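Have a look at the structure below, then the notes.
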Amino acid sequence: MGFEVLLKGNNALRLLGGLGVAMYISMISVVISITLGIILGMLMTLKNPVINAVSRVYLEIVRIMPQMVLLFIVYFGATKILGLNLSAEVSAVIVFSFWGTAEMSDLVRGALTGIPAIQYESSMALGMNRLQTYIHVIIPQIVRRLIPLSINLITRMIKTTSLVMMIGIVEVLKVGQQIIEANRKSSPNAAFGIFATIFILYFLACYPISCLSKYLEKKWEN
Amino acid sequence: MEEILRVENLSKKYEDVDVLDGISLSVKKGEVVVIVGPSGCGKSTFLRCLNGLEDIRDGSVFLGDEKINPNKKNLSKTREKIGMVFQSYDLFPHKTILQNVTLAPIKVKKRKKAEVEEEALKLLDRVGLISKKDNYPRQLSGGQKQRVAIVRALIMHPEVLLFDEVTAALDPEMVREVLDVVLSLAKEGRTMLIVTHEMSFARAVADRVIFLDGGKIVEEGKPTDFFDNPKTDRLKKFLKTFSYEE
């Protein structure tokens with residue numbers, strides 16, 4: 001079946017290391033995306049015409065462009081034109097954050113504008129000041145709406161890291177290919193064993209996050 | 001009886017349209033004033049001006065001796081004294097019924113949790129909803145939610161209660177249970193301003209009825225005079241829309 005290559009040398013460890021690289025890139029991007037996304041999303045609710053125009057163009061670009069094209073533009077294009085010597089990892093983080101920030105800001109904007117005005121009014125009618133209204137009424141509702149959606153975004157970002165091998169980052173998929181290549185003669189079935197293992201690795205990385213999202217969604221159904 | 005709420009020459013505009021046009025009104029302690037009028041006559045806006053949810057252009061609102069609108073400074077303090085129940089179900093969806101009721105007294109009035117909960121349970125019992133204390137708003141019917149909203153306003157010990165069409169969004173069979181609660185509050189001697197479309201309820205609960213049209217008080221009087229012997233043509237016409245007699 002091709003699983004035996006995993007036991008040769010330190011192949012299994014190398015695969016795990018590759019997964020580590022993928023997780024490392026996606027987690028840094030997630031943290032940046034969530035932080036910038038929250039700020040941008042809040043700015044978008046201010047209804048400032050300049051901010052709105054810029055963010056609309058930005059969101060549209062992210063929606064239209066395949067992530068791979070963005071990766072190539074940043075890694076190959078920007079390095080040449082701007083004379084910046086970006087490493088592949090930094091390029092990947094920039095592209096993923098560029099994408100994640102757009103999606104996150106749209107989620108935040110949606111959650112913020114989705115809170116009915118009556119929630120603010122009835123809190124204030126009870127004598128709560130603006131700060132109390134936000135802390136006890138508005139923010140808890142926003143967080144409840146936002147967390148399941150942003151967890152979904154996180155799993156998508158982890159999956160999409162498989163693209164970064166295209167700009168030379170040795171992540172789990174690339175490591176897998178290297179192992180298959182190296183063992184072509186001794187284990188001709190290695191392709192199945194390795195890719196099945198990678199499938200399981202991605203599953204193990206994403207499934208708990210996905211479960212957490214489902215659990216929170218259920219818990220906060222109201 | 002002493003005066004508790006005084007409105008002097010209150011005016012408000014939305015983009016050049018006079019929504020409220022020089023309204024003056026004095027409400028005595030314990031009085032129940034019902035405001036009726038066609039949709040868009042400004043009756044909801046009027047209530048919202050009384051607790052500062054709307055800015056006003058001219059005139060002023062006094063609670064006791066204190067000017068409360070226009071007054072930016074002590075708005076939250078004022079709102080503690082004026083309870084309001086809205087048309088739409090406005091409970092906090094992420095909190096249980098008990099938490100909905102106890103949130104403001106604990107956070108705003110800084111009262112002790114145990115003491116507030118005890119009072120909340122008494123009030124919930126009074127409106128027949130003590131068994132729902134640990135449920136979430138989504139698990140309640142519209143009428144039950146409105147009764148909770150009334151309790152949530154009551155526990156702040158307001159000096160004046162405002163009801164803004166509290167039954168307008170309810171299924172007909174749930175209107176009664178909510179109005180019964182309001183009626184029992186009236187009998188207790190609470191000061192209330194009620195905007196409603198339920199004319200028979202207005203007759204039963206009101207000490208005084210006000211007909212608002214075009215942002216002005218067109219006619220006011222005791223319920224018997226108001227409904228049985230309306231003086232102005234506009235009120236006669238308005239009341240006619242509620243009956244099917246020729």
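The values are calculated or read from the model by the stated rules, or taken from the named source; none is laboratory data. This is a predicted model, so every value here is computed, not measured. Here the Cβ positions follow ideal geometry from the backbone for every residue, glycine too, while neighbour counts run over all protein chains shown. Quick note on the areas: whole protein, heavy atoms, side chains included, nothing else; ligands and nucleic acids left out. Shrake-Rupley method; radii C 1.70, N 1.55, O 1.52, S 1.80 Å.
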Quick one: Karplus J couplings for region A:122-131, per residue in order, coefficients 6.51, -1.76, 1.60, θ = phi - 60°, nearest Hz, x for Gly and Pro?
-> 5, 5, 5, 5, 8, x, 6, 7, 4, 4
Total accessible surface hidden between B and A, rounded to 100 Å², 1.4 Å probe = 1900
Within region B:161-246, report the chymotrypsin sites (Phe, Trp or Tyr not before Pro) that DSSP leaves as loop and that have at most 11 other Cβ atoms within 10 Å.
-> B:Tyr244
Measuring from the longest principal axis of the C-alpha atoms of chain A, the long axis of helix A:190-219 (C-alpha) lies at a number of degrees, nearest 10, equal to 20
To the nearest 20 debye, what charge dipole does region A:3-221 have about its Cα centre, counting +1 at the Cβ of each Lys and Arg and -1 at the Cβ of each Asp and Glu?
-> 120
Quick one: helix A:172-182 against the long Cα principal axis of chain A, what's the angle to the nearest 10°, folded into 0 to 90?
-> 10
Rounded to a whole number, what % of the accessible area of the protein assembly as shown do carbon and sulfur atoms account for, probe 1.4 Å?
-> 58
Region A:3-221, Rg to Rh (Cα coordinates; Rh as Kirkwood inverse mean 1/r) = 1.09
In terms of the alpha carbon gyration tensor, root eigenvalues a ≥ b ≥ c, rounded if a/c is under 1.5 and otherwise prolate when a/b exceeds b/c or oblate, chain B is oblate
Roughly how crowded by other chains is peptide B:85-93, in terms of the mean Cβ count from those chains within 10 Å of each of its Cβ atoms?
-> 5
Would you grab the residues whose amide H sits under 5 Å from the one on B:Lys28? Only those 5+ places off in sequence or on another chain, please, with H modelled 1.01 Å from N.
-> B:Ile4
Given a 1.4 Å probe, how much area per residue of region A:1-148 is accessible, in Å²?
-> 52
So which residues in region A:99-127 end up with at least 30 square angstrom less accessible surface once the other protein chains are there, compared with the chain by itself, probe 1.4 angstrom?
-> A:Ile118, A:Gln119, A:Glu121, A:Ser122, A:Met124, A:Ala125, A:Leu126, A:Gly127
For region A:95-110, 3J(HN,Hα) per residue [Karplus equation, 6.51 cos²θ - 1.76 cosθ + 1.60, θ = phi - 60°, Hz, x = Gly/Pro] | 5, 5, 5, 4, 6, x, 4, 4, 5, 5, 4, 5, 5, 5, 4, x
With 5 Å bins from 0: P(r) over region B:1-82, alpha-carbon pairs, percent = 3, 15, 27, 25, 19, 9, 2, 0
How about region B:3-45: which GluC sites (Glu not before Pro) there lie in a loop by DSSP and see at most 14 other Cβ atoms within 10 Å?
-> B:Glu15
The answer for B:Ile35, listing residues at least 5 apart or on another chain whose modeled amide H is closer than 5 Å to its amide H, is B:Ile194, B:Val195, B:Thr196, B:Ile210
Could you run the Karplus curve 6.51 cos²θ - 1.76 cosθ + 1.60 with θ = phi - 60° over region B:46-60 and give me ³J(HN,Hα) per residue in whole Hz, x for Gly and Pro?
-> 4, 4, 5, 5, 5, 10, x, 6, 10, 6, 10, 8, 9, x, 8
Can you tell me the 0 to 90 degree angle between the C-alpha axis of helix B:172-187 and the longest principal axis of chain B, rounded to 10?
-> 90
